[in-house]
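Novice: First, the structure itself, so that you have it in front of you.
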Amino acid sequence: MNVDGQPAVVTGGASGLGEATARMLSENGAKVAILDLNQERGEIVAKEIGGFFSNCDVADEKSMQSGLDAAKEAHGPGRILVNCAGIAGASRVVGRNGPHDLEVFTKILTVNLIGTFNATRLFGVDASTLDPLEDGERGVIIMTASVAAFDGQIGQAAYTASKGGIHSMTLPIAREFANFGVRICTIAPGILLTPLMDVLPEEAQVSLGASVPFPARLGKADEYASLAMHIFKNRYLNGETIRLDGALRMTAK
């Protein structure tokens with residue numbers, strides 16, 4: 001798909017991978033709507049890229065639908081959805097203070113997995129009815145997993161479950177949405193420099209980057225955005241989870 005002039009929705013677009021993707025989409029002519037809970041930052045980014053912002057909780061049905069409706073009113077029915085909204089967390093299943101907090105486990109799955117599914121299912125309703133473009137394509141959806149889906153470390157049970165679920169539902173949704181001409185791909189980033197990583201000391205960031213085979217550094221948000229742009233353009237990419245990790249394979253801890 002040529003993104004120029006096309007309405008695009010980016011969840012979690014106020015920072016990190018979502019912000020980088022929103023900016024790159026805008027630079028390539030897309031009409032970008034940012035859906036995020038961070039209103040202050042979201043409005044700043046939207047203004048800078050000439051886009052639209054809506055305060056939105058991806059895991060809430062009414063909030064997500066309202067965000068999509070607002071984006072549709074601003075730019076027209078979306079042909080592009082990028083799911084970047086997500087949270088992290090680490091806790092052992094049985095730790096010094098007892099069992100893993102069930103509320104924490106539930107929250108991580110609710111935001112990451114259910115939020116991604118919620119946005120995808122609601123976006124798909126309008127996308128499936130749009131006029132077809134070349135090859136009958138009507139839309140493209142990108143979901144964000146993680147290498148943790150495959151190489152989850154000790155303490156990542158909740159995060160890994162949420163990202164593994166995103167990977168697992170990629171193919172069945174792609175098979176279903178193929179009937180509408182809507183493609184689905186998932187990106188599984190490795191250790192990328194995002195606000196979640198910024199909380200670590202510089203020494204720890206350098207050490208993590210050195211663990212990557214090549215290039216031996218932390219990944220950049222715009223490298224995620226560049227891969228997303230290629231997925232949009234390459235109509236033969238569908239139903240696939242693509243690792244973006246410099247050949248990193250995470251150790252147990």
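Novice: With the chain treated as a Gaussian network of Cα nodes joined by springs under 10 Å, which of VAL82, VAL104, VAL45 yields the largest mean-square fluctuation?
Specialist: For the chain, modelled as a Gaussian network with Cα springs under 10 Å, the answer is VAL104.
Novice: Moving on to the next point. At a threshold of 8 angstrom on Cα-Cα distance, excluding pairs fewer than six apart, so keeping six or more, what relative contact order does the chain reach in percent?
Specialist: Reported as a whole number, the value is 20 percent.
Novice: Where the centre of each part is set by its Cα atoms, how far does the range 85-129 sit from the range 58-80, in angstrom?
Specialist: 20 Å
Novice: Subtract the Cα-Cα distance of ALA90 and TYR236 from 0.36 nm times their separation in residues, and report this length gain in nm to one decimal.
Specialist: 48.9 nm
Novice: Provide VAL147, VAL206, VAL94 in ascending order of the number of other Cβ atoms located within 10 Å of each residue's Cβ, fewest first.
Specialist: Arranged by neighbour count, lowest to highest, VAL147, VAL206, VAL94 become VAL94, VAL206, VAL147.
Novice: Pop a pseudo-label 7 angstrom from the Cα along the beta-carbon direction at both ILE154 and ALA210 and give the gap in nm to one decimal.
Specialist: 2.2 nm
Novice: Taking all pairs of different Cα atoms in the chain, averaging 1/r and flipping that mean, what Kirkwood radius in angstroms comes out?
Specialist: Answer for the chain: a Kirkwood hydrodynamic radius of 18.3 Å.
Novice: Say a paramagnetic label sat at a point 7 Å from the Cα of GLU134, along Cα to Cβ; which residues of the range 3-37 have their backbone N under 11 Å from it?
Specialist: Of the residues in the range 3-37, 3 have backbone N under 11 Å from the label point off GLU134.
Novice: Let me ask another. Run lengths n ≥ 4 of DSSP H only: what is the helix-derived mean residue ellipticity at 222 nm for the chain, with -39500 (n - 2.57) per run over all residues, to the nearest 500?
Specialist: -13000 deg cm²/dmol
Novice: Same structure again: GLU223 versus LEU37, label points 7 Å from Cα toward the beta carbon: distance in nm?
Specialist: Between GLU223 and LEU37, the label points sit 2.9 nm apart.
Novice: Order 18-25, 210-217, 108-115 from most to least packed using the mean count of other Cβ atoms within 10 Å.
Specialist: Sorting 18-25, 210-217, 108-115 by mean packing, highest first, produces 18-25, 108-115, 210-217.
Novice: Which of the DSSP-defined H helices in the chain satisfy a minimum axial length of 27 Å, computed from C-alpha atoms, and a minimum mean Kyte-Doolittle hydropathy of -0.5?
Specialist: 157-177
Novice: Right, something else. Treating only the Cβ atoms of Lys and Arg (+1) and Asp and Glu (-1) as charged, compute the dipole magnitude of the range 47-168 about its Cα centre; round to the nearest 20 debye.
Specialist: Value, rounded to 20: 480 debye.
Taken together, the values in this text are just the output of simple stated rules run on the coordinates, not laboratory data. Here the structure is a predicted model, which is why all the values come from computation and not from measurement. Here the Cβ is made from the backbone with ideal geometry for all residues, glycine too, and neighbour counts use every protein chain on show.
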